[in-house]
Amino acid sequence: KAGIKFLVNQGFTEIILIGHSTGANKVCYYSATQKNDHVAGIVLAGPMSDRLEIGLDIKKRKKVLTHMHRLVNQGKGDALLLDYHYFPITPRRFLSLFEPGSTEDTFDYGDKKPKLMYFSKIRLPLFVVFAGNDEYADRPMQEIQNIFDKNVTSKHYKSIIVPGALHKFNGKEKRFVQDVVTWIKTL
């Protein structure tokens, strides 16, 4: 809200929200739960599920989730912890990222019956950009794209896979920008 308010105060009347990775989760959630007449469209880039990241040891993750719940229940939910992820993290943040069904678990494409609950509520024009070689994908990108495509309700929707792109679109930035600008011009 603050970012949108800032841009409106600068004179912008139509705003495209773009979120990458965890930012895609946040933009998806915001777009599904808030109405703002200044938001003209949504771009989700690299919308991967944190809890489905490839290479995660599921049994170990369950033990860590139990430990994090214990810390939260002991009043230590905001304690900064090391060695539980590739960046320092609090127990609350860990649960937000990795607990199935958490508010931030917006991209549940790996579940038996994916809901994409927030994604499916977005009515604004919507563009989803997947990285073809996303190193955080736990399955082929085409499979993930198909699940998004099946759960969309936006009437102005497009999804693409950028071939050869890694999660951060390194080396494919120009292609990414061209695709986004081309889509924006359709609005």
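All conditions in (1) open to solvent by 30 Å² or more (accessible area, probe 1.4 Å); (2) in contact (Cβ under 8 Å) with a residue 12 or more places away in the chain; (3) part of a loop (DSSP other than H, G, I, E, B); (4) over 27 Å from Ser159 (Cβ atoms) hold for Phe87, with the sole exception of (2). In this entry, Ile15 passes the filter for residues that are under 28 Å from Leu166 (Cα atoms) and open to solvent by less than 30 Å² (accessible area, probe 1.4 Å). For region 112-126, indicate whether the set of residues that are surrounded by 14 or more Cβ atoms within 10 Å (Cβ to Cβ), at pLDDT below 95 and farther than 28 Å from Ser159 by Cβ is non-empty. No, every residue in region 112-126 fails to be surrounded by 14 or more Cβ atoms within 10 Å (Cβ to Cβ), at pLDDT below 95 and farther than 28 Å from Ser159 by Cβ. Please verify whether Asn36 is in contact with a strand residue (DSSP E or B) (Cβ under 9 Å, 6 or more places away or on another chain) and either touching a residue at least 40 places away in the same chain (Cβ under 8 Å) or more than 17 Å from Asp134 (Cβ to Cβ) (or both), treating the condition exactly as stated. Taking the combined requirement at face value, the residue satisfies it. Ser31 fulfils the conditions (1) touching a strand residue (DSSP E or B) at 6+ places or on another chain (Cβ under 6 Å); (2) open to solvent by 30 Å² or more (accessible area, probe 1.4 Å); (3) in contact (Cβ under 8 Å) with a residue 40 or more places away in the chain; (4) of a type outside the set (Val, Ile, Thr) except for a single criterion, (2). The number of residues in region 137-166 being within 22 Å of Ile122 (Cβ to Cβ) and either open to solvent by less than 70 Å² (accessible area, probe 1.4 Å) or in contact with a Phe, Trp or Tyr (Cβ under 7 Å, 6 or more places away or on another chain) (or both) comes to 19.
The values are calculated or read from the model by the stated rules, or taken from the named source; none is laboratory data. Model, not experiment: these values are computed from the prediction. Every residue, glycine among them, receives a Cβ derived from its backbone with ideal geometry; neighbour counts consider all protein chains shown. Ligands, DNA and RNA are stripped out before the accessible areas are found, and what is left, the full protein with its side chains, is counted by its heavy atoms. Shrake-Rupley method; radii C 1.70, N 1.55, O 1.52, S 1.80 Å.
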